[in-house]
1. So which strands (runs of 3 or more DSSP E) are wholly in segment A:37-112 and hold at least 1 residues that are open to solvent by 10 Å² or more (accessible area, probe 1.4 Å) and either small (Gly, Ala, Ser) or facing chain B (nearest Cβ under 8 Å) (or both)?
2. Which condition from (1) buried (at least 21 other Cβ atoms within 10 Å of the Cβ); (2) over 13 Å from B:Ala19 (Cα atoms) is the one that B:Tyr90 breaks?
3. Only residues in segment B:85-108 that are at pLDDT 85 or above count as the first member; pair them with residues that are basic (Lys, Arg) and part of a strand (DSSP E or B), Cβ under 6 angstrom, at least 6 apart or cross-chain, and list the lot.
Amino acid sequence: GDQVEQSPSALSLHEGTGSALRCNFTTTMRAVQWFRKNSRGSLINLFYLASGTKENGRLKSAFDSKERYSTLHIRDAQLEDSGTYFCAAEAGVNYNQGKLIFGQGTKLSIKP
Amino acid sequence: NSKVIQTPRYLVKGQGQKAKMRCIPEKGHPVVFWYQQNKNNEFKFLINFQNQEVLQQIDMTEKRFSAECPSNSPCSLEIQSSEAGDSALYLCASSLTGGSGNTLYFGEGSRLIVV
């Protein structure tokens with residue numbers, strides 16, 4: 001079936017540094033969402049992209065449907081950015097009904 | 001961020017018991033999804049609704065779960081006979097319209113432990 005491969009599975013950054021998370025798709029996806037799971041277990045919406053790039057504060061995301069990937073860049077990481085990040089893609093088929101396919105998650109730890 | 005309300009936060013059931021979870025979608029969102037997230041952070045789509053109508057569901061849901069989204073009442077997902085493998089976080093999400101192109105907003109989930 002359709003797959004979403006997310007990497008890395010875990011990432012440790014020092015405060016003030018940055019890095020990127022990536023999701024590769026085995027098939028053409030219509031759109032992608034990025035979430036952060038906070039300490040309460042809630043999935044916080046970060047981005048929804050059907051194409052191109054979006055930026056919000058220290059986060060920036062890109063989605064390339066043709067090349068089958070999406071990225072989430074974090075810059076100037078802060079302690080509160082710690083958590084597990086998920087990408088979730090919407091398959092590009094008419095019967096999909098908006099259903100999301102999730103990546104495996106990236107556990108991000110920010111160190112002082 | 002999200003105003004999807006799920007209850008209860010936790011429930012503990014014995015094998016064979018029914019387990020019922022409820023979800024109030026964000027106001028004005030007619031589309032509701034249920035996902036199961038296991039301890040390995042793997043998400044499994046269970047079922048989705050548009051208003052009161054089921055759009056899609058997987059075989060497991062059809063065979064073992066009872067789900068509905070009545071008008072003017074919370075949506076619900078009920079396992080008819082709980083099994084150990086049902087222990088997981090059950091997440092409800094809502095969106096503004098069906099089909100593609102819509103952000104999903106998730107609740108905090110109901111964590112089911114089957115003993």
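The values are calculated or read from the model by the stated rules, or taken from the named source; none is laboratory data. Note that the coordinates shown come from a computational prediction; the quantities given were computed from them, not determined experimentally. As a convention, Cβ positions derive from the backbone with ideal geometry for all residues, glycine included, and neighbour counts pool all protein chains shown. All accessible areas refer to the heavy atoms of the entire protein, side chains included, with ligands and DNA or RNA removed. Shrake-Rupley method; radii C 1.70, N 1.55, O 1.52, S 1.80 Å.
1. Working: elements: A:43-49, A:52-56, A:59-64, A:69-74, A:83-91, A:100-102, A:106-111.
Strands (runs of 3 or more DSSP E) meeting the threshold: A:43-49, A:52-56, A:59-64, A:83-91, A:100-102, A:106-111.
2. So the condition that B:Tyr90 fails would be (2).
3. Pairs that qualify, where the first residue is at pLDDT 85 or above and the partner is basic (Lys, Arg) and part of a strand (DSSP E or B), are B:Leu89/B:Arg111.
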